[in-house]
Amino acid sequence: MSAITLKNVIKKYGAVQVVHGVDLDIDEGEFVVLLGPSGCGKTTTLRMVAGLEDVSGGELSIGGQVVNNVAPKDRGVAMVFQNYALYPHMTVKKNMEFALRPLKLDKAEVDKRINDTAAILGLGELLERRPVQLSGGQRQRVAMGRAMVRTPDVFLFDEPLSNLDAKLRTQVRWEIGKLHQRLGTTVLYVTHDQVEAMTLADKVVIMRDGYVEQVGTPEEVYTAPQSTFVATFIGSPSMNMIEAKVVAERLEANGFSMPLPDRFQGKVTEGQAVTIGVRPIEIKRVAASSTGAMQANVEVTEYLGNEALLDLRVGPHELVAEVPADQRVEPGKVIHIALNEGAIHLFDTVSGRTLSE
Amino acid sequence: MAYIRKRNKRIFLIFLLPAMLVLFLTTIYPMLYAGYLSFRSYDLAKLFVPRVFVGWSNYGEILGSSEFLHALVTTFKLMAMTLSVQLVLGVGIALIVTQKLPGMPLARTLLMIPMMISPVIVGLVWLFLYFPELGYLNYFLSFLGFDSIPWITSTDWALWAIAIADIWQWTPFVMMGTAAALQSLSPEPYEAAMIDGNSRWDVFTRVTLPQLKPVLVSLMFLRAIDAFKIYDIIFVLTKGGPGDSTEVLSMFIYRQSFTFWRMGVGAAASFVSLVIIVVLITLFFKSLNRDQVS
Ligand SMILES: Nc1ncnc2c1ncn2[C@@H]1O[C@H](COP(=O)(O)OP(=O)(O)O)[C@@H](O)[C@H]1O
Ligand SMILES: [Mg+2]
């Protein structure tokens, strides 16, 4: 039985539709990340699952039961908010107690739950402090603790790390992952940060302008992007995109030409406008004499320690190549490169959909 | 630098001078003069009797007089009546007008009108409403089949009549301050409570009220200081009567000074009232500071 199911779920604010029919299946215990740029409808979708926003159309089920019209408190979910949403006048302990109040547990059970959660999250020392007396990372953990004490069936997270500095973000991200392994509770997690998505998710849901672009494991969305949007959104630095045309079994672009790899035979038609996608790491430096070598001007070199990023110009095209640091060259030099044919992606330029399948 | 700083110091004095002059002429000098008077026997009705120094005897007279104590008690009684109702009504209305419902911004604006009317006018308006026989209130009461109420002519009702007018005028003040505080509260904890399933009552008493408390305490102190000085409405409606049933401190002072022309006694009573107000204001600032510390 799946923990959460969305069937063609729609959200409208007045006449404006912001979520256009989302379909999604979340299994028991799965860690699912909604990923997409700001404004694409992630928070709205999450808030519909929480019950903080009405569903304008479609069907939303939790634990096999349709909950479109079920009050938030009866959905068995707990939410961790972007700004933590702690009660500012209550101590950490009181915050957790207040979340437990509706469950009407006896005092011993309340204390046990709070102490257990505090131990897991390392909040023991902080129980008598109020939110203003805590750092950002500590508030974040209190917010998680307040959600955990209720032992919900589903955790909802809305950009929980966005208010933390880079170092803390890595640490808390790791803690969230560990916590999920330990508790095994279903998680629906919203972020615009692909690193969070890739590291935490069992399943990534990539959203764009209120539509789901692709659903898959982190590996699937990285290695088999279904659209140019997913291809450029996932991976850092972004995948290079070259607009080309299919001409006589070759991919021809202005000042750039390569044979059509065999695996695309029959999937493209003569004269079709296609977009070649190639990750920076799949662009190699080669000798000038080797077959398929293209001449490229190095415009900028970024040294990153282990590797270096080269901003290249090939004819009218700008490409980024990621090379081992010892292969980097000074800006202004001319080098020769070749694309790893086995690793290129091909998209239909008009629809933006993949041609790899 | 030093030169400029010195010059700036002198310029700042020049800018302050007009304000200080006004403050001196309208507040400090009268206050000092009242202080001087409070130690003299000064009877305007006996113009040619010298204004001799009488020590603390004016203070002794008022502190020992049952009339003064009665006025003091009446003042605090009226304060308790108006403040408690204003607090409950003000918070209640604030909770309603801060809901995201159509018409609420307009309602908020309209509800603030009483506060902007001069208290004398408020007194006159309520005089029309309370007027025995001809008043609108009694007209409506008889229309509905009730007996008419001797609003301002009975010792049982007069203080309530005053209180109602004051409540009508100043509940909006409490409402406005509370509404502003309510709107500054972060909405997210309320959503968290909604998901966790906390009851509305729990959310109000344990999330909203504690966060409003500093503002409510401030509003109540401001109202208390004002209520202590209440004068205009009473002057228009009852002039302290019937009998002495609505004689508050300010009416007592007025009567001593301008009815009996006993300036020295009136001044002494003013000083006692000043001391009480200073105590209230000090407590008010103390409570402000305590909020800032926590
Ligand atoms: N209460 C609202 N009224 C109208 N439009 C809204 C409201 N909330 C969000 N939106 C719109 O819905 C879209 C999606 O918003 P949101 O779900 O917050 O995006 P995300 O979380 O992915 O950044 C945005 O274009 C936003 O402007
Ligand atoms: Mg968002």
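The values are calculated or read from the model by the stated rules, or taken from the named source; none is laboratory data. All figures in this text were calculated on a predicted structure; none of them were measured in a lab. No Cβ is skipped: glycine too gets one built from the backbone with ideal geometry, and neighbour counts run over all protein chains shown. With ligands, DNA and RNA removed, areas are computed over all heavy atoms of the protein, side chains included. Shrake-Rupley method; radii C 1.70, N 1.55, O 1.52, S 1.80 Å.
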### Query
With respect to the numbered conditions (1) in contact with a helix residue (DSSP H, G or I) (Cβ under 6 Å, 6 or more places away or on another chain); (2) more than 13 Å from chain B (Cβ to nearest Cβ); (3) polar (S, T, N, Q), which one is the sole condition not fulfilled by A:Asn115?
(1)
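Of all residues being more than 13 Å from A:Leu121 (Cα to Cα) and among the β-branched types (Val, Ile, Thr) in the stretch A:138-170, which is farthest from ligand 1 (Cβ to nearest atom)? Just the residue, please. Full working, then the answer.
Filtering the stretch A:138-170 for residues more than 13 Å from A:Leu121 (Cα to Cα) gives A:150-170.
If we keep only those that are among the β-branched types (Val, Ile, Thr) as well, we get A:151, A:154, A:170.
Numbers: A:Thr151: 27, A:Val154: 18, A:Thr170: 22 Å.
Filtering first and then ranking leaves A:Thr151.
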### Summary
If we take the stretch A:1-107, then strands (runs of 3 or more DSSP E) inside it with 3 or more residues that are among the aromatic types (Phe, Trp, Tyr) and at pLDDT below 95 are none
### Query
How many residues are buried (at least 18 other Cβ atoms within 10 Å of the Cβ) and outside any helix (DSSP H, G or I) when one looks only at the stretch A:193-207?
6
#### Entry: Test: B:Ala45 is more than 17 Å from B:Ser250 (Cα to Cα), in a loop (DSSP other than H, G, I, E, B), open to solvent by less than 90 Å² (accessible area, probe 1.4 Å) and small (Gly, Ala, Ser)
yes
### Query
What do you reckon, is A:Arg101 crowded, with 19+ Cβ neighbours inside 10 Å and within 14 Å of another protein chain (Cβ to nearest Cβ)?
no
### Message
From the list B:Val97, B:Val122, exactly one residue is under 26 Å from the mean Cα position of the chain (by Cα), open to solvent by less than 50 Å² (accessible area, probe 1.4 Å) and over 21 Å from B:Ala181 (Cβ atoms). Which is it?
### Response
B:Val122
#### Entry: Members of the stretch A:104-123 that are under 35 Å from the mean Cα position of the chain (by Cα), without any contact (Cβ under 8 Å) to a residue 24 or more places away in the chain and open to solvent by 50 Å² or more (accessible area, probe 1.4 Å)
A:Asn115, A:Asp116, A:Ala119
### Task
Search the stretch A:56-72 for residues being in contact with a Leu (Cβ under 6 Å, 6 or more places away or on another chain) and away from every other protein chain (no Cβ under 14 Å), and hand back the single one that is farthest from ligand 2 (Cβ to nearest atom).
A:Asn68
### Query
Looking only at the stretch A:155-176, which residues are of a type in the set (Val, Ile, Thr) and crowded, with 22+ Cβ neighbours inside 10 Å?
A:Ile176
### Message
Quick check on my filter: what residues within the stretch A:334-353 are part of a strand (DSSP E or B) and touching an Asp or Glu at 6+ places or on another chain (Cβ under 8 Å)?
### Response
A:Leu339
### Message
Against the definition (in contact (Cβ under 8 Å) with a residue 24 or more places away in the chain, open to solvent by 20 Å² or more (accessible area, probe 1.4 Å), under 25 Å from B:Pro105 (Cα atoms) and within 14 Å of another protein chain (Cβ to nearest Cβ)), how does B:Pro214 come out, yes or no?
### Response
yes
### Message
For the stretch A:128-163, give me each residue that is within 16 Å of ligand 2 (Cβ to nearest atom) and in a loop (DSSP other than H, G, I, E, B).
### Response
A:Glu159, A:Pro160, A:Leu161, A:Ser162, A:Asn163
### Message
Going through B:Gly177, B:Gly264, B:Gly241 one at a time, which residue ends up being within 30 Å of A:Leu52 (Cα to Cα), touching a residue at least 40 places away in the same chain (Cβ under 8 Å) and of a type outside the set (Val, Ile, Thr)?
### Response
B:Gly177
### Message
Looking at A:Val22, A:Val18, A:Val9, can you tell me which residue is surrounded by 22 or more Cβ atoms within 10 Å (Cβ to Cβ), away from chain B (no Cβ under 14 Å) and either closer than 18 Å to A:Leu200 by Cα or within 16 Å of ligand 2 (Cβ to nearest atom) (or both)?
### Response
A:Val22
### Summary
Checked the stretch B:180-207 for anything facing chain A (nearest Cβ under 10 Å) and of a type in the set (Ser, Thr, Tyr); matches are B:Ser186, B:Tyr190, B:Ser199
## Note on the structure
Filtering the stretch A:171-200 down to residues that are away from chain B (no Cβ under 14 Å), within 19 Å of A:Val154 (Cβ to Cβ) and within 16 Å of ligand 1 (Cβ to nearest atom) yields A:Tyr189, A:Val190, A:Thr191, A:Glu196, A:Ala197
### Query
So which pairs qualify, if the first residue must be in the stretch A:30-55 and away from chain B (no Cβ under 14 Å) and more than 20 Å from A:Ile234 (Cβ to Cβ), the second must be open to solvent by 10 Å² or more (accessible area, probe 1.4 Å) and in a loop (DSSP other than H, G, I, E, B), the Cβ gap must be under 9 Å, and the two must be at least 6 apart or on different chains?
A:Val55/A:Asn68; A:Val55/A:Asn69
### Message
Looking at the structure I just gave you, is A:Met90 within 15 Å of ligand 1 (Cβ to nearest atom), open to solvent by 10 Å² or more (accessible area, probe 1.4 Å) and in contact with a Pro (Cβ under 9 Å, 6 or more places away or on another chain)?
### Response
no
